[in-house]
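The values are calculated or read from the model by the stated rules, or taken from the named source; none is laboratory data. The structure displayed is predicted, hence computed values, not measured ones. Positions of Cβ are backbone-derived with ideal geometry, glycine not excepted, and every protein chain shown enters the neighbour counts.
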Amino acid sequence: MELNFKLIVLLFGIVCTGLTAGLLFTWQNAVTPGIGRLDDLSFLRSFQAMNRAIINGKFLLIFFSPAIVLFVNAYFFRNNDVSFWFFLTAALVFFFGMALVTIFGNVPLNEILDKTDLETLSKLELETLRQKFEQPWNQWHMVRLISSMVAFVLLLIGLVYSK
């Protein structure tokens, strides 16, 4: 397989999808369980700080580029029936299960947390905020994790069948 734009798009999509899946896996298995052990104020402060730190150009490029790049990749492989269907399915799974879930599930919760002055809340208000935030955020996150991992595997299978 010669190195051309089509291959570069494929490899970029695979790498970005894999990095996203790896990040989400790490959050699921280390970050959220770790901060989940903290008291309400420490948990909410930690989540607020991580959410603010993670929003940067490098992160956004790697995290969201597959939502577009994977569709371009599928288009490039439209003449390869087997790879095309793996790549198109990966693009759809990533777009709906990772990108849209992030935008409409996790981000609104992050924004509520970001706009809250935690230092002014009572202990009961902190507990209530955490209850409204933590479980829904973790549920949406699980959808993102599974979707990104499935998309990554589909891309690898498509790569095996590509010519």
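Things to note:
- Hey, Ala67 within 20 Å of Ile103 (Cβ to Cβ) and either at pLDDT below 95 or not basic (Lys, Arg) (or both) or not: yes
Okay, residues lined up against (1) touching a Ser or Thr at 6+ places or on another chain (Cβ under 6 Å); (2) not hydrophobic (A, V, I, L, M, F, W, C):
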{"position": "Gly97", "(1), (2)": "yes, yes"}
{"position": "Thr102", "(1), (2)": "no, yes"}
{"position": "Leu118", "(1), (2)": "no, no"}
{"position": "Leu121", "(1), (2)": "no, no"}
{"position": "Lys132", "(1), (2)": "no, yes"}
{"position": "Gln135", "(1), (2)": "no, yes"}
{"position": "Val143", "(1), (2)": "no, no"}
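- Residues (surrounded by fewer than 16 Cβ atoms within 10 Å (Cβ to Cβ), among the charged types (D, E, K, R) and in contact (Cβ under 8 Å) with a residue 60 or more places away in the chain) located in the stretch 112-163: Asp114, Lys123, Glu127, Lys163
- When Thr116 is tested against (1) closer than 19 Å to Gly13 by Cβ; (2) outside any helix (DSSP H, G or I), only condition (1) is not met.
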